[in-house]
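The structure appears below as structure tokens.
The values are calculated or read from the model by the stated rules, or taken from the named source; none is laboratory data. Source: prediction; values computed, not measured. Methodologically, a virtual Cβ is constructed for each residue, glycine included, from the backbone with ideal geometry; neighbour enumeration extends over all protein chains shown. Ligands, DNA and RNA are excluded from the accessible area calculation, which covers all protein heavy atoms including side chains. Shrake-Rupley method; radii C 1.70, N 1.55, O 1.52, S 1.80 Å.
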Amino acid sequence: MTTETTNPLLDFSGLPRFDLIRPEHVTPAIEQLIAEARDAVRQAEAPADTVTWDNFVVPLEEATERLGRAWGVVNHLNHVMDTPELRATYNENQPKVTEFWTELGQNEALFGKYKQLRASPDFANLTPARKRIVENALRDFRLGGAELPEKQKQRFAEIQEEQAKLSTRFSENVLDATNDYKLLVTDEADLSGLPDDVKAAARAAAERDGKQGWQFSLHFPSYFPILQFADKRELREQIYRANATKASEMGTVFSELEKWDNTGNIAQLLRLRDEEAKLLDFQSFAHVSLEPKMAETPEHVIEFLEDLARRARPYAEKDLAELRAFAKDELGIDDMQAWDVTYASEKLREKRYAFSAQEVKEYFPEPKVVAGLFGLISKLFDVTISPDDAPVWHPDVRFYRIEKNGQLIGQFYLDLYARPGKGQGAWMDDARGRRLTTGGIVQTPIAYLTCNFTPPAEVDGKLQPSLFTHDEVTTLFHEFGHGLHHMLTEVDELSVSGISGVEWDAVELPSQFMENFCWEWDVLQGMTAHVKTGEPLPRELYDKMLAAKNFQSGMQTLRQVEFSLIDMHLHYDFDPNSQKTVQELVDEVRNKFAVLIPPSFNRFQHSFGHIFAGGYAAGYYSYKWAEVLSADAYAAFEEAVEAGGGQLLDETGKRFHREILAVGGSRPALESFKAFRGREPKIDALLRHNGMQA
Ligand SMILES: [Zn+2]
């Protein structure tokens, strides 16, 4: 085909041609690849007497992988090099790609073929990874309603559509209520305590609306500094109330927020999810949500959360008592209220841990940090990382290769700096997954590692390397953890190699695991050098950082547990068709578990987008769940060091590689964890890392 040679998006022979790809290549390439994938689907659909891995799964995977990879490149460019032309072609093609994948997920003929393969004598001879791929496919079809009788299938589709609409309305209400709220302050004396940059932003906001004074909104960077810094208590109370009642029926007291009340949307969403679960023959929506996850049952998750709450409680009580005493003695606040908590905490933190993020930053110049990270990875997993060549999308982007025993095992792009047209945040994405091709050649994995750090800048006429905050260093390690999961895999099957097919509540294990090293004295000594003196991080500063890390960890843990329990109960044993209201359930959980009961007007659930507009319904617990896994896995390394390090530490690194990173999604996460740790996960290490006794 001629287009194959002229359209760089259709060149799959090597690395993506970032030097040649232009927006005008997108539509023809994506249309051709969708057409090819549809052809492959049609052939795969055709009835066959015997369904085998080779005659069914392989061709389907080949065709869809090409589409996935090409679209991955477009998607990546759209996130890191946004231009009007690229965005236009991205938006034009995205619905077509989504439509293709949605159709594939609902294709009954394919579902039938997977069932046929599952029932065939060939199935028993498949490798465990292949068996898992077939089982996962069957599960996803079932959860997508593919097995329902025609009439119920229709209802199932309606429910999905209705849920999508309600979720959209939910977030729109939150957004509209957030945007609509304006608090104008006309007397500068009322802003005492606020940092200058916050005031300047508020002043500019007022000016934009043609007003005198300082204007605040419910957007986080605007309202949060008031809670944190404003000395005037009434001002804190005012903005706290507005935020805590936003998008609820309580909003009416303060402005006209009632038109954005989410009460009905929440109730209806819960009813539909319950109906969906019953249609699929599950006891509750929580059971549906947990089906593809590592956690086995809602009861198990609730038990885990309640246990964590019990253990964190004494620490949370201590945190609160200290804060109350501090507020009373030093701030003259005798009856600390919800709107005083952030303010008093900030003052207490400043008093106890007097160090600035700026001071810390000077010890973390980019070259030293990156070399430290690479050195650590090389040592832990017995690999080498070296610069490599590839076409890139921006001159700042670097490309590296990872080798083990002289053999290439993976490559990655490192795009560290913020710039216009680049999406916010940090992430790892796969550019290519590992698999053994039909030709018997291993396709090695490739990752995109993207951050938004400050670029190097000229200081006193000299180019100074980028300086990372400690948070940024932690972020870099976190994303590298995902990257290692993707690149150090040894699985030959695309759908379960690397991070593919890993349970959603276990996927943060390697990333959070890597974060721990950023708090390790020895590691920090090897990756810090003061930008002016070259000195490593001093012990005194390190101790302060460590103490600040666990500031109020008891209260914070309980808060996360409270949110997780509310989410779990709403989707497990709350009957959305009964007289009981969501608020009643929220109050019940709070009365039982919170140390600091929010005011009765608090309607935080009305903007709890994670569970009502995100993918976290009956899944919010995953944050803490994955932390338990990563902390416990890391503890194996701490134990090896304690027992003398050396050989033992090498073995632990090898075992982590072999049992967790290498196997990816090819077996259940719990099995991998047990193979690494020799037992089920325990909560102790997480508590210890957070400064709480087990
Ligand atoms: Zn992550």
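Some observations on this one:
- Positions within the range 475-508 being within 19 Å of the chain's Cα centre (by Cα), open to solvent by 10 Å² or more (accessible area, probe 1.4 Å) and either over 16 Å from residue 668 (Cβ atoms) or within 16 Å of the ligand (Cβ to nearest atom) (or both), in sequence order: 475, 478, 479, 482, 499, 500, 502, 503, 504, 507, 508
- Count - residues of the range 443-474 that are within 16 Å of the ligand (Cβ to nearest atom) and in contact with a Phe, Trp or Tyr (Cβ under 7 Å, 6 or more places away or on another chain): 6
- Applying the criterion of being in contact with a helix residue (DSSP H, G or I) (Cβ under 7 Å, 6 or more places away or on another chain) and either closer than 17 Å to residue 689 by Cα or among the small types (Gly, Ala, Ser) (or both) to the residues of the range 525-547, the residue that is surrounded by the most Cβ atoms within 10 Å (Cβ to Cβ) is 529.
- Selection status of residue 489, assigned by TED's automatic domain parsing to the domain that holds residue 380, assigned to a loop (DSSP other than H, G, I, E, B) and of a type in the set (S, T, N, Q): yes
- Restricting the range 532-570 to residues that are under 28 Å from the mean Cα position of the chain (by Cα) and of a type in the set (Gly, Ala, Ser), the residue that is nearest to residue 589 (Cα to Cα) is 564.
- Residue check, residue 463 assigned to a strand (DSSP E or B) and surrounded by 19 or more Cβ atoms within 10 Å (Cβ to Cβ): no
- If only residues of the range 520-579 that are among the hydroxyl-bearing types (Ser, Thr, Tyr) and touching a residue at least 60 places away in the same chain (Cβ under 8 Å) are counted, the one that is nearest to residue 376 (Cα to Cα) is 528.
- Test: residue in the range 375-396 that is of a type outside the set (A, V, I, L, M), in a helix (DSSP H, G or I) and either surrounded by 17 or more Cβ atoms within 10 Å (Cβ to Cβ) or within 16 Å of the ligand (Cβ to nearest atom) (or both): yes
- Scan of the range 421-442 for residues that are outside any loop (DSSP other than H, G, I, E, B) and either without any contact (Cβ under 8 Å) to a residue 24 or more places away in the chain or within 16 Å of the ligand (Cβ to nearest atom) (or both), ordered by number: 427, 428, 429, 430
- Pair list, Cβ under 6 Å, 6 or more apart: the range 305-319 residue at positive phi, other residue in a helix (DSSP H, G or I) and β-branched (Val, Ile, Thr): none
- Scanning the range 549-565 for residues that are assigned to a helix (DSSP H, G or I) and either open to solvent by 20 Å² or more (accessible area, probe 1.4 Å) or at positive phi (or both) turns up 549, 555, 556, 559, 560, 563.
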